[in-house]
1. I'd like to check something: does segment 98-116 contain any residue that is β-branched (Val, Ile, Thr) and at pLDDT below 85?
2. Please go through (1) outside any strand (DSSP E or B); (2) within 17 Å of LYS158 (Cα to Cα); (3) in contact with a helix residue (DSSP H, G or I) (Cβ under 7 Å, 6 or more places away or on another chain) for ASP200 and return the number of the only condition it doesn't satisfy.
3. Is it the case that ASP116 is surrounded by 14 or more Cβ atoms within 10 Å (Cβ to Cβ), acidic (Asp, Glu) and in contact (Cβ under 8 Å) with a residue 24 or more places away in the chain?
4. Do you know which residues across segment 188-216 are without any contact (Cβ under 8 Å) to a residue 12 or more places away in the chain and in contact with a Lys or Arg (Cβ under 9 Å, 6 or more places away or on another chain)?
5. If you go through segment 180-191 one residue at a time, do you hit one that is outside any loop (DSSP other than H, G, I, E, B) and of a type in the set (A, V, I, L, M, F, W, C)?
6. State the number of residues belonging to segment 29-67 that are among the charged types (D, E, K, R), farther than 16 Å from ARG17 by Cβ and not in a helix (DSSP H, G or I).
7. Quick test of your reading of the structure: ASN174 fulfils all but one of (1) at negative phi; (2) touching an Asp or Glu at 6+ places or on another chain (Cβ under 9 Å); (3) at pLDDT 85 or above. Name the failing condition by number.
8. Please go through segment 161-179 and give me each residue that is in a helix (DSSP H, G or I) and surrounded by 12 or more Cβ atoms within 10 Å (Cβ to Cβ), ordered by number.
Amino acid sequence: MNGKNYAVIGLGIFGYRLAIELFELGNNILAVDRNRKLVEQIKEKVTEAVVADASDYEALEELKIQDFKTVIVGMSDNLEQLILCVTNLKKLGVEKIIAKANRKIHEEILLKIGADEVVLAEREMAERLAHRISRPDILNIIDVDSEVKLVNVKLGKKFAGKTLKDLKLREKYNVNVILLKRKDNPIKLITDPNIKFQEDDELYVAGDEDDIYKIF
C-alpha cells in the first residue's frame with residue numbers, strides 16, 4: 001500500500017467508519033481501542049488493529065504512535081481519557097492530532113492542550129443535513145478553508161444548453177467550475193468553456209459559499 005500512515009484511536013461509530021474509509025482509500029491504518037471486541041471486528045478491514053489504553057503514555061509509546069504523521073482521536077464520550085490521550089500524543093511528538101469532540105467547550109479545551117484540529121461531528125452532520133433538505137440541488141459541501149468551499153451541485157432546467165461563457169460565473173460571482181459528472185460518464189476536468197451543460201449534470205464548483213448559493 002502506497003498511501004499515508006494514520007492511526008485512529010477510539011473505535012466508536014465515528015472512529016470505526018473513519019478507519020475503514022481511510023484504509024479503502026489506500027492508506028495504512030493502525031486502529032486502536034480498549035475494547036477487544038471492536039478490535040476483533042475491524043482487524044480484517046485495516047492494516048493493523050491493536051487493543052490498548054490510549055490514555056496511557058507507555059501504551060502509546062509502545063505502539064510507536066509518534067511514527068504516524070497524523071493521529072485521529074475518536075474517543076469523545078470520555079473527556080478525561082480524551083484529554084489524557086491528546087496530551088500524551090503531544091508529549092510523544094505526534095506531528096498532527098485531530099480529535100473528535102461532542103461540545104464546543106470541549107473543542108476549546110482540546111485546542112488549548114495541543115490538538116491541531118477538532119471535529120464536531122454531530123454539528124457538521126446537522127449542518128450538512130440542513131443544507132441538503134433546504135437546497136436539494138446542493139449534493140455535497142467540502143471545506144477547503146474558512147472562505148473557500150468545494151460544492152457538488154446538480155443542474156436544473158435553467159442551465160440546460162448553456163456554456164461557461166454564457167454563465168460567466170467567474171466574472172460575475174468569482175466562482176470557478178472545476179469538474180463535470182454526466183450520467184453514465186466518469187468525472188472529468190472542465191477545460192472547454194464552450195461545453196454545453198445538460199439538465200441533471202453534476203458540477204464541482206469552488207468559491208464562497210454564499211456566492212455559490214446565489215447561482216444554484
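The values are calculated or read from the model by the stated rules, or taken from the named source; none is laboratory data. What you see is a predicted model, and the numbers here were worked out from it, not measured in a lab. Note: ideal-geometry Cβ built from the backbone for every residue, glycine included; neighbour counts use all protein chains shown.
1. no
2. (3)
3. The answer is no for ASP116.
4. Hit for segment 188-216 is LYS188, nothing else.
5. yes
6. Within segment 29-67, residues that are among the charged types (D, E, K, R), farther than 16 Å from ARG17 by Cβ and not in a helix (DSSP H, G or I) number 5.
7. (1)
8. LEU164, ASP166, LEU167, LEU169, ARG170, TYR173
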